[in-house]
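**Q** The structure is given below, and queries will be raised subsequently.
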Amino acid sequence: MSDFLKFGRRKTPSPSPATASSSSGNTTINVTDGTLIPGTGERSILSAWNISFFGAMALIVILPLVSPKPYLDILAFVPDGLAATFGVTIVSIVFALCLGLLAGLGRIAKTKSVNLIATVYVEVIRGIPLLVQLFYIYYALGPILHLKGPASAILAMSVCYGAYMGEIFRAGIQSISKGQMEAALALGMSRTQALWRVILPQTVKVILPPIGNEFIALLKDSSLVSILAISDLLRRGREYASTTFNYLPAYTIVALIYLVMTLFFSRLVGIMEVRLRNHERKHN
Amino acid sequence: MNESIIRIKGAKKNFGTTQALKGVDLEIAKGEVILVIGPSGSGKSTLLRCVNRLEHLDSGEIWVEDDCVTSQHANIRKIREEVGMVFQSFNLFPHLTAAENIALSPTIVLKDGKAEVKERVRSLLARVGLSDKEYAYPEQLSGGQQQRVAIARALAMKPKIMLFDEPTSALDPEMIKEVLDVMLDLAKEGMTMMVVSHEMGFARAAADRVVFMDEGLIIEAAPPDELFAHPKEERTLRFLNHIL
């Protein structure tokens, strides 16, 4: 079941994840943000993750040492944007989780109208590119709703990622065996009580890794908000570049910082995934 | 033993095109222990699951005491508080310890006091012989131990009726006895029990009646010695020859 949760990164308009299995069930095509994470057997220093991560770190240190003139200036100028990048990412992921829980519950609801609303939300949002949604909320709805840049950015990212989170919650809840709900109901619990006390606590363990992957994807996609006049990491790089015309050094540093962050978090998610799996195996 | 606590009248249930129940009538008296046997697909588990409405009947009625389970207006949660159920696959909550599994429903459904629930959990664990497993998680327990915790969990709601859906079918042979012993004690204490199982030893020791079902119908019902020794129906005899 948890294979179902190794979500292919979106851009899949259909509810099926981009995880393909052959009829024998052995072939798995996995397109998450964690593909660089070394497998358990792979301990080589020359693993793809090590090369990418430490290579990027080294470049961030060496470039300013070798030619401090643009690079050191950029390194001093750009980190202001990190706060904005993380701010938007973290606030959005919190709202996206809330929306996702609602959407996921809606998708499995027995009430037809609730189910329909949740499904339409998920399908519509997943069918529209995030950049278009950002434009739509900021430029088209912004004047009507009186939303400023950061608010539009957070709203758009939350609504968009809420749809993907909804699918993760749905799959997570459905991965819990039917007997759990039956046992809870047979003990006199209401559906709501069973959900909060029995089903969701078990779901958390299953959905943590895919949610970690969504966090990384959101961190990367947060660079899109730079078009809404928010001084995030990318925008700071652009500001520097447009005043000094040092495009190559500026965007190189921006790219390297994104890469280091993404690799760091995907490693973290990978470790978490292995821990959860081992925990499960130990107890079975 | 005359007063019926469960009354099933003309119970019919379809799953798609298969008829699981084709019109079952059964009355169970207070304190009676009923063993339901029959080949797989005969509808015995379905019948059991309709009593606490885990499955809905298509037509017919089921009454538990004065409440009609099958009515639209039935307060099904209230009825389920009085009807405990034990499953083939235990269905313990894996994120909770044995004690928490037992305490959860009395705490959040019956809203009983903390101290009282704690005391009840202790005595129930002692009753099923697992006093030392209070803090164990289900995955740290054997199948037999898990099933005994599941029985304790159902009993914590102080039910008047207990339903057992093949309680020993998923167990290794050496663990069956420890579960049956708990059930036997329960039967001796006068609990009304409806048990879907092929444990003939349990039937002889505890059952008041054995009900034989086939193809969605009750073929015959009789006290165990009578049914096992002198089945009236050809089909019953054929089935008994298979399993005895």
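The values are calculated or read from the model by the stated rules, or taken from the named source; none is laboratory data. Because the structure is predicted, anything quoted here is derived from the model rather than measured. So basically every Cβ, Gly included, is an ideal-geometry build from the backbone, and we count neighbours across all protein chains shown. Each accessible area value is taken on the protein alone, full model and side chains, heavy atoms only, with ligands, DNA and RNA left out. Shrake-Rupley method; radii C 1.70, N 1.55, O 1.52, S 1.80 Å.
**Q** If I ask for residues that are under 21 Å from B:E199 (Cβ atoms), within 12 Å of another protein chain (Cβ to nearest Cβ) and among the charged types (D, E, K, R), which ones from region B:154-169 would you list?
**A** Result: B:D165, single match.
**Q** I would also like to ask the following. Going through region B:126-139 one residue at a time, which ones are among the hydrophobic types (A, V, I, L, M, F, W, C), open to solvent by 10 Å² or more (accessible area, probe 1.4 Å) and assigned to a loop (DSSP other than H, G, I, E, B)?
**A** Within region B:126-139, B:A136 is the sole residue that qualifies.
So that you can scan it fast, the table gives a plain yes or no per residue for (1) touching a Ser or Thr at 6+ places or on another chain (Cβ under 8 Å); (2) of a type in the set (S, T, Y); (3) touching a residue at least 60 places away in the same chain (Cβ under 8 Å); (4) not in a helix (DSSP H, G or I):
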site: B:S169; (1), (2), (3), (4): yes, yes, yes, yes
site: B:L184; (1), (2), (3), (4): no, no, no, no
site: B:V195; (1), (2), (3), (4): no, no, yes, yes
site: B:R204; (1), (2), (3), (4): no, no, no, no
site: B:M213; (1), (2), (3), (4): yes, no, yes, yes
site: B:E220; (1), (2), (3), (4): yes, no, no, yes
site: B:F239; (1), (2), (3), (4): no, no, yes, no
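**Q** Can you tell me which residue is nearest to A:Q174 (Cα to Cα) among those in region A:106-117 that are surrounded by fewer than 18 Cβ atoms within 10 Å (Cβ to Cβ) and in contact with a helix residue (DSSP H, G or I) (Cβ under 8 Å, 6 or more places away or on another chain)? Even if it seems obvious, please write down each step before you answer.
**A** The first filter runs over region A:106-117 and keeps only residues surrounded by fewer than 18 Cβ atoms within 10 Å (Cβ to Cβ), leaving A:108-117.
Retained after the next criterion (residues that are in contact with a helix residue (DSSP H, G or I) (Cβ under 8 Å, 6 or more places away or on another chain)): A:108-109, A:114-115, A:117.
Values: A:I108: 8, A:A109: 12, A:V114: 17, A:N115: 15, A:I117: 19 Å.
So, considering only residues that are surrounded by fewer than 18 Cβ atoms within 10 Å (Cβ to Cβ) and in contact with a helix residue (DSSP H, G or I) (Cβ under 8 Å, 6 or more places away or on another chain), the one nearest to A:Q174 (Cα to Cα) is A:I108.
**Q** With the condition kept exactly as written, say whether any residue in region B:207-215 is open to solvent by 20 Å² or more (accessible area, probe 1.4 Å), farther than 19 Å from B:V86 by Cβ, in contact with a Lys or Arg (Cβ under 6 Å, 6 or more places away or on another chain) and not acidic (D, E).
**A** no
**Q** I'd like to know if region B:151-162 contains one or more residues that are hydrophobic (A, V, I, L, M, F, W, C), surrounded by fewer than 23 Cβ atoms within 10 Å (Cβ to Cβ) and part of a strand (DSSP E or B).
**A** Yes; the residues of region B:151-162 include at least one that is hydrophobic (A, V, I, L, M, F, W, C), surrounded by fewer than 23 Cβ atoms within 10 Å (Cβ to Cβ) and part of a strand (DSSP E or B).
**Q** Let me ask something else. Pairs only if they're at least six apart or on different chains, beta carbon under 6 angstrom, first in region B:138-159 and at positive phi, second hydroxyl-bearing (S, T, Y) and crowded, with 20+ Cβ neighbours inside 10 Å; list them, first residue then second.
**A** As it stands, the answer is none, since no pair meets every condition given.
**Q** Any idea which of A:L248, A:L276, A:L228 is within 14 Å of chain B (Cβ to nearest Cβ) and farther than 17 Å from A:G100 by Cβ?
**A** A:L276
**Q** Which one of B:S142, B:S123 is over 20 Å from the mean Cα position of the chain (by Cα) and open to solvent by 60 Å² or more (accessible area, probe 1.4 Å)?
**A** Within the list B:S142, B:S123, the selection yields B:S123.
**Q** Output the residues belonging to region B:122-137 that are more than 14 Å from chain A (Cβ to nearest Cβ) and either within 16 Å of B:E178 (Cα to Cα) or not aromatic (F, W, Y) (or both).
**A** Within region B:122-137, B:R122, B:S123, B:L125, B:A126, B:R127, B:V128, B:G129, B:L130, B:S131, B:D132, B:K133, B:E134 meet the criteria.
**Q** To continue, here is another question. Can you pull out the strands (runs of 3 or more DSSP E) entirely within region B:1-54 that have at least 1 residues that are open to solvent by 30 Å² or more (accessible area, probe 1.4 Å) and more than 14 Å from chain A (Cβ to nearest Cβ)?
**A** B:4-15, B:18-29
**Q** Could you check how many residues of region B:60-83 are among the polar types (S, T, N, Q) and open to solvent by less than 50 Å² (accessible area, probe 1.4 Å)? Working first, answer last.
**A** The first filter runs over region B:60-83 and keeps only residues among the polar types (S, T, N, Q), leaving B:70-72, B:75.
From the residues that got through so far, the ones that are open to solvent by less than 50 Å² (accessible area, probe 1.4 Å) too are B:70-71.
Within region B:60-83, residues that are among the polar types (S, T, N, Q) and open to solvent by less than 50 Å² (accessible area, probe 1.4 Å) number 2.
**Q** Applying the selection to region B:56-96, what residues are within 10 Å of another protein chain (Cβ to nearest Cβ) and part of a loop (DSSP other than H, G, I, E, B)?
**A** The answer is B:F87, B:Q88, B:S89, B:F90, B:N91, B:L92, B:F93, B:P94, B:H95, B:L96.
**Q** A follow-up question, please. Which residues, taken from region A:170-212, are closer than 18 Å to A:M272 by Cβ, open to solvent by 20 Å² or more (accessible area, probe 1.4 Å), assigned to a helix (DSSP H, G or I) and more than 10 Å from chain B (Cβ to nearest Cβ)?
**A** A:V206, A:L208, A:I211
**Q** Given (1) under 27 Å from B:F228 (Cα atoms); (2) out of contact with any His (no Cβ under 9 Å at 6 or more places or on another chain), where does B:L57 come up short, assuming only one miss?
**A** Result: B:L57 fails condition (1) only.
**Q** Shifting gears a bit: Only residues that are assigned to a loop (DSSP other than H, G, I, E, B), open to solvent by 30 Å² or more (accessible area, probe 1.4 Å) and within 14 Å of another protein chain (Cβ to nearest Cβ): list them for region B:97-119, please.
**A** Result: B:L110, B:K111, B:D112.
**Q** Something else now. With the checklist (1) surrounded by fewer than 16 Cβ atoms within 10 Å (Cβ to Cβ); (2) more than 21 Å from A:M157 (Cβ to Cβ); (3) under 22 Å from the mean Cα position of the chain (by Cα) in hand, flag the one item A:L65 doesn't pass.
**A** With (1) surrounded by fewer than 16 Cβ atoms within 10 Å (Cβ to Cβ); (2) more than 21 Å from A:M157 (Cβ to Cβ); (3) under 22 Å from the mean Cα position of the chain (by Cα) applied to A:L65, the lone miss is (3).
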